[in-house]
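Shown next, in structure tokens, is the structure this report addresses.
The values are calculated or read from the model by the stated rules, or taken from the named source; none is laboratory data. The structure presented is a predicted model; accordingly, all values stated were derived computationally and were not measured. With ideal geometry, Cβ positions are generated from the backbone for all residues, glycine too; neighbour counts draw on all protein chains shown. Areas reflect the complete protein model, heavy atoms only, side chains present, ligands, DNA and RNA absent. Shrake-Rupley method; radii C 1.70, N 1.55, O 1.52, S 1.80 Å.
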Amino acid sequence: MSEYQAPLRDMQFVLNELADLADVAKLPGCEEATPELVEQVLEEAGKFASGVLSPLNRPADEEGSHWDNGKVTTPRGFKDAYKQFIEGGWNALQFPGDWGGQGLPKLVATPVMEMWKSANLSFSLCPLLTTGAVEALLLRGSDGQKKTFLPKMVAGTWTGTMNLTEPQAGSDLALVKTRAVRQADGTYRLHGQKIFITYGEHDFTENIVHMVLARTPEAPEGVRGISLFIVPKFLVNRDGSLGARNDLKCASIEHKLGIHASPTAVMIYGEKEGAVGYLVGEENRGLEYMFIMMNAARFAVGMEGLALSERAYQQALGYAKERVQSRDLSGGGKAVPIIRHPDVRRMLMSMKAQVEAMRALAYVVAGAMDAAHRHPDKEERAKTQAFVDLMIPVVKGWSTETGIEVASTGIQVHGGMGFIEETGAAQHLRDARITTIYEGTTGIQANDLVGRKIARESGQTAKEVLKAMRAVEAALGKAGGDDFIAMRTSFSAGITATAECIDWIVANYGADVKAVHAGAVPFLKLLGIVSGGWQMARAALVAQKRLAEGKGEKAFYEAKIKTARFYADHVMTQAPALKNTIVNGAAGVMALAEEQF
Ligand SMILES: Cc1cc2nc3c(=O)[nH]c(=O)nc-3n(C[C@H](O)[C@H](O)[C@H](O)COP(=O)(O)OP(=O)(O)OC[C@H]3O[C@@H](n4cnc5c(N)ncnc54)[C@H](O)[C@@H]3O)c2cc1C
């Protein structure tokens, strides 16, 4: 099994040439993100990822986390790796300086996050969940709550969790039943059960700060009656020291298909007197706060699809260069490394091209998140936020669905050895399988895309994106040469297919909402493929310019153009077929009566 190496050159290319790091570094509060600093951060992160996290990935998967009478022990090496992680300041990278963070832009934190996820997805989930909890507190926590919890959580000496799911409330959080009863002193007492709580219990830190969704007794039914509470494992004294153990426990952890090292906890709140909780913001607005944070969390899970694809690709490539089997089709008597066979090449190219497309789109969206947050011009902020909102379900849904496909192709490249656990290729597929489920399934992302992000605003933002795509299409037309002609042809068809689907969604949403939702996931896939291709085309145009300048790295830039060409012929060409599925396919989806199944 190969150790992960951070793809620094491609990361730098995307940051600088496609996601416009230089522009992001001009935004207020982002000035520190100089090219030198960013290069240094990425290099150091790459060393930590390949030297510390990656070697633990496979043994930790085999060992798993263990539960014993409420205590959870993570696999050997995890606790020490976490200690090194927080000592290195990695937990604090993107948090504001006021709370001990380093205040780096989202765009810089994004490749770093990609590295943790590629190197060791199970490990990376702990800081991911802490980030979600920190963001909730930054957003709506009171001054006192911030002072009590943020310094420790930003430093990583306490971790955070997100407690949304209950046995009867998964995709539909309106069904949350956990009760929170207000006490005379203004605190609340919580009673209820939460399931599937990532790092709900572990041995990394002395305290865990649970963010819990619950309902007060007089709350209205449904989504408007849910509040958000801070429920720490240990209560915190006035001087910041740890006080009494709160009335909560980890009843068990799940046995899972993948991410074995990440403990997924069943949490019981308030078996005795009730778990002490502190209301965040106002009562009944918990789900609204969650929605504001959801962009960051969904983006992060989208990065998991990309990160595991990169890892699977590196591993498959290494194997394809070493495994000798069958003669070269062009002649010669000896068996050759399998990378010489066209079908293996096709598989490797499909992995490489999709990885590059997902990375480019994700980083462009990360840069837009910085601009949406910090740009001095209000209109620009609003416009960029609309782009981010449109693209989040795409980054989440498309990258994770593609991640499963790429990890599966990685196994295929290995032949039988891919199916055998020692190789490590199978783990990537097992780990990737959860990414389309948690933080909102692909179906939920697609509903959000067609409903809230397209139909509700009559496709306005999406049409702006199509205009930007048409400009790139025109530039491809001027570039000349077979590769660019081919790219233009399939990109043009992809944009037209997307435009037709958007018009169809807008026209039909009111009259036949089920028909639109029947094609929601295919549409999400279509928009992902075309948006990824948009970035591949931009990359090819930059590469052509750099080659013309003749300043070196010829092989890298030529590969960018050839990879974009592959994407145009093998991936982008799926767009018109998906359009047919979306526009004509609804009849078949809902055709049978329930009894006919
Ligand atoms: C390993 C793991 C870690 C997790 N970590 C956390 C965590 O830290 N915190 C937390 O709170 N939760 C966590 N979860 C829970 C996770 O977010 C939910 O499992 C997920 O949101 C799906 O909910 P569900 O399992 O109840 O599935 P369901 O909601 O029952 O969905 C079942 C199927 O129905 C489909 N479906 C449901 N509603 C619709 C609809 N309206 N339209 C179309 N299709 C629909 C879904 O797409 C899916 O295919 C975790 C889960 C796992 C397995």
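The table below lists the values:
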| read-out | value |
| --- | --- |
| The lone exception for N295 - which of (1) crowded, with 21+ Cβ neighbours inside 10 Å; (2) under 30 Å from N246 (Cα atoms) it fails | (2) |
| Candidates M267, M293 - the one that is in a strand (DSSP E or B) and within 16 Å of the ligand (Cβ to nearest atom) | M267 |
| Some residue of region 123-140 being hydroxyl-bearing (S, T, Y) and within 27 Å of A425 (Cβ to Cβ) | yes |
| Pairs, first of a type in the set (D, E) in region 196-211, second more than 12 Å from the ligand (Cβ to nearest atom) and not in a strand (DSSP E or B), C-beta under 7 Å, six or more apart | D203/T74; D203/K79 |
| Hey, E288 without any contact (Cβ under 8 Å) to a residue 24 or more places away in the chain and not polar (S, T, N, Q) or not | yes |
| Residue that is nearest to Q354 (Cα to Cα) [pool: residues in region 549-558 that are without any contact (Cβ under 8 Å) to a residue 12 or more places away in the chain and in a helix (DSSP H, G or I)] | A555 |
| Per-region count, region 414-469, residues assigned to a helix (DSSP H, G or I), within 10 Å of the ligand (Cβ to nearest atom) and open to solvent by 50 Å² or more (accessible area, probe 1.4 Å) | 2 |
| G160, sole failed condition from (1) in a strand (DSSP E or B); (2) open to solvent by 40 Å² or more (accessible area, probe 1.4 Å); (3) under 24 Å from L306 (Cβ atoms) | (2) |
| Test: residue in region 364-382 that is within 16 Å of the ligand (Cβ to nearest atom), under 18 Å from the mean Cα position of the chain (by Cα) and farther than 13 Å from S309 by Cβ | no |
| Qualifying position, being in contact (Cβ under 8 Å) with a residue 40 or more places away in the chain and within 12 Å of the ligand (Cβ to nearest atom), among A261, A320, A307, A316 | A261 |
| Qualifying residue in region 472-492 (condition: closer than 23 Å to K396 by Cα, over 23 Å from the mean Cα position of the chain (by Cα) and surrounded by fewer than 23 Cβ atoms within 10 Å (Cβ to Cβ)) | no |
| Residues satisfying the stated conditions in region 332-359, i.e. among the hydrophobic types (A, V, I, L, M, F, W, C) and closer than 15 Å to M572 by Cα | M349, M351, A353, V355, A357, M358 |
| Selection status of F229, farther than 30 Å from L361 by Cβ, within 15 Å of the ligand (Cβ to nearest atom) and of a type in the set (F, W, Y) | yes |
| Pair list, Cβ < 8 Å and 6+ apart or interchain, from region 482-510 residues that are part of a helix (DSSP H, G or I) to residues that are of a type in the set (S, T, Y) | S490/T573; A493/T573; V506/S458 |
| From the options L138, L93, L107, L150, residue that is within 18 Å of E206 (Cβ to Cβ), away from the ligand (no atom under 16 Å from the Cβ) and either out of contact with any strand residue (DSSP E or B) (no Cβ under 6 Å at 6 or more places or on another chain) or among the β-branched types (V, I, T) (or both) | L150 |
| Residue check for K249: out of contact with any strand residue (DSSP E or B) (no Cβ under 7 Å at 6 or more places or on another chain), closer than 24 Å to K177 by Cβ and of a type outside the set (S, T, N, Q) | no |
| Matching option when the condition is at pLDDT 95 or above, buried (at least 24 other Cβ atoms within 10 Å of the Cβ), β-branched (V, I, T) and within 21 Å of T563 (Cα to Cα), among V365, V394, V406 | V406 |
| Residue satisfying condition, being assigned to a helix (DSSP H, G or I) and either open to solvent by 10 Å² or more (accessible area, probe 1.4 Å) or without any contact (Cβ under 8 Å) to a residue 12 or more places away in the chain (or both), within set L138, L150 | L138 |
| Candidate set from region 169-179 (those that are open to solvent by 60 Å² or more (accessible area, probe 1.4 Å) and farther than 20 Å from K249 by Cα); member that is farthest from the ligand (Cβ to nearest atom) | L175 |
| Pair list, Cβ under 7 Å, 6 or more apart: region 226-255 residue of a type in the set (D, E), other residue more than 15 Å from the ligand (Cβ to nearest atom) and in a loop (DSSP other than H, G, I, E, B) | D247/G270; D247/E271; D247/K272; D247/E273; D247/G274 |
| Helices (runs of 4 or more DSSP H) enclosed by region 1-92 - at least 1 residues per element that are small (G, A, S) and more than 16 Å from K106 (Cβ to Cβ) | 35-48, 54-63, 78-87 |
| Hits in region 182-220 (condition: assigned to a strand (DSSP E or B), at positive phi and within 12 Å of the ligand (Cβ to nearest atom)) | F196 |
| G240 being at positive phi, in contact with a Ser or Thr (Cβ under 8 Å, 6 or more places away or on another chain) and away from the ligand (no atom under 16 Å from the Cβ) | yes |
